[in-house]
Amino acid sequence: MKTLTILLAVILPLVLAVAQRTCNTGSDCNSDECCVSNNPPRGKRFLETHSHLGHCVPMGTDGSSCLVRYSHLTTRPEDVVYACPCSTGLQCHGDGLYEVPLGERGHCAY
């Protein structure tokens, strides 16, 4: 039992680190991922921290959530963003719901 506990203590952090790779730019992520900010703004007023630290997230797939503001992007953004744009061939269709100050939320679809 002691060996199992030690094994979990060593392996679990490694698995979590791989699952949530940190990034400073889109180039730090795989080609099918983008770098999403760890500190998304909330509310009408927010403090711009200039912290460019994020984590790698897969690009949007059919039905996944997206921000309409990134619908013009056709490739992975190099900057840290607040949500990944849709994968190539998909477009972000607005749902009419707005998240202040990020803008309209939507879903990826053909």
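Structural remarks
- Residue ID - modelled with the lowest pLDDT, chosen from residues in region 69-87 that are assigned to a loop (DSSP other than H, G, I, E, B), surrounded by fewer than 20 Cβ atoms within 10 Å (Cβ to Cβ) and touching a strand residue (DSSP E or B) at 6+ places or on another chain (Cβ under 8 Å): S71
- Within region 44-61, residues that are over 23 Å from S87 (Cβ atoms) reach partners that are exposed (fewer than 13 other Cβ atoms within 10 Å of the Cβ) and at pLDDT 70 or above with beta carbons closer than 6 Å, at six or more positions or on different chains, in the pairs K44/V100.
- Evaluation of M59 against the conditions (1) of a type in the set (A, V, I, L, M, F, W, C); (2) touching a Ser or Thr at 6+ places or on another chain (Cβ under 6 Å); (3) surrounded by fewer than 20 Cβ atoms within 10 Å (Cβ to Cβ) shows that the sole unmet condition is (3).
- Only one of the listed residues (G54, G106, G63) is modelled with pLDDT of 95 or more and either of a type in the set (F, W, Y) or at positive phi (or both). That residue is G63.
- Any hit, region 22-37, residues being at pLDDT below 90 and either among the polar types (S, T, N, Q) or in contact with a strand residue (DSSP E or B) (Cβ under 8 Å, 6 or more places away or on another chain) (or both): no
- With respect to the conditions (1) surrounded by 13 or more Cβ atoms within 10 Å (Cβ to Cβ); (2) free of Cβ contacts under 8 Å to residues at least 40 places away in the same chain, C66 lacks only one, and its number is (2).
- Test for L8: is it modelled with pLDDT under 75 and not charged (D, E, K, R): yes
The values are calculated or read from the model by the stated rules, or taken from the named source; none is laboratory data. Nothing here was measured: the structure is a model prediction, and the numbers come from that model. In this analysis, Cβ positions are derived from the backbone assuming ideal geometry, glycine residues included, and neighbour counts consider all displayed protein chains.
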